[in-house]
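To keep things clear, I will list the structure first and then write my remarks on it.
Just so it is clear, none of the values below were taken in a lab; they were calculated from the coordinates. It should be emphasised that the depicted structure is a prediction, and the values quoted were computed from it without experimental measurement. All Cβ positions, even for glycine, are placed from backbone atoms using ideal geometry, and neighbour counts span all protein chains on display.
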Amino acid sequence: MDGGQDVYEVIAALQNELAMEQAKNAVLLEKLLGYEDEMSDARLEEFSDVIPNEDRNYWRGQFLENSKAASEFLGRLRNRMQAAPAAGEVPEAVAVPVKTAPRPLHNRASAPMPKGAPGAGVAPSADPDLAARIRNRAQEIANRDRVSFTAAFSRAERELRA
């Protein structure tokens, strides 16, 4: 029994040490989170001329997630904003496009068929019912004879046009 009590005492001592280390860890984690918040607030103030107030929460998260990338992006954005001309000024290099008269839209069905296009010289089928019957018959042949739809379509076309 005496040896068993020693084991329980060791286990209890280890549990106490673990609890103390977890408490230390919690304190360090709180300090770390506080420092991260201070750092993100400082960065937000640094870029306050670039970040609008409604976007501060988003950028706070970006600084916490990847401070270096967020700082680089906002720095480039600041440089672009400083290089951009003031409102109302038009840079000399930017030319105003000349407005042309709008071109009318055309219906494709009424447009002439290009000369090299397949079916250019052929009139469209006057009987849409015939096309539907050929398609349906081709599906029947393909299912019945276990042939490809293309082969079945050729057979159906020969049957119904004859």
Using r as the Cβ-Cβ distance of residue 151 and residue 106, and R0 as 35 Å, what FRET efficiency do you calculate, to the nearest 0.05? 0.35
Output wanted: per-residue J couplings in Hz (rounded whole) for segment 73-81, from phi through Karplus 6.51 cos²θ - 1.76 cosθ + 1.60, θ = phi - 60°, x for Gly and Pro. 4, 5, x, 5, 5, 4, 4, 5, 5
With r as the distance between the Cβ atoms of residue 21 and residue 46 and R0 = 30 Å, compute the FRET efficiency 1/(1 + (r/R0)^6) and round to 0.05. 0.25
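Provide the gained length on full extension for the span residue 9 to residue 72, in nm with one decimal, where the gain is 0.36 nm per separating residue minus the Cα-Cα distance.
Values: separation 63, 0.36 × 63 = 22.68 nm, distance 5.57 nm.
So the chain would gain 17.1 nm between residue 9 and residue 72.
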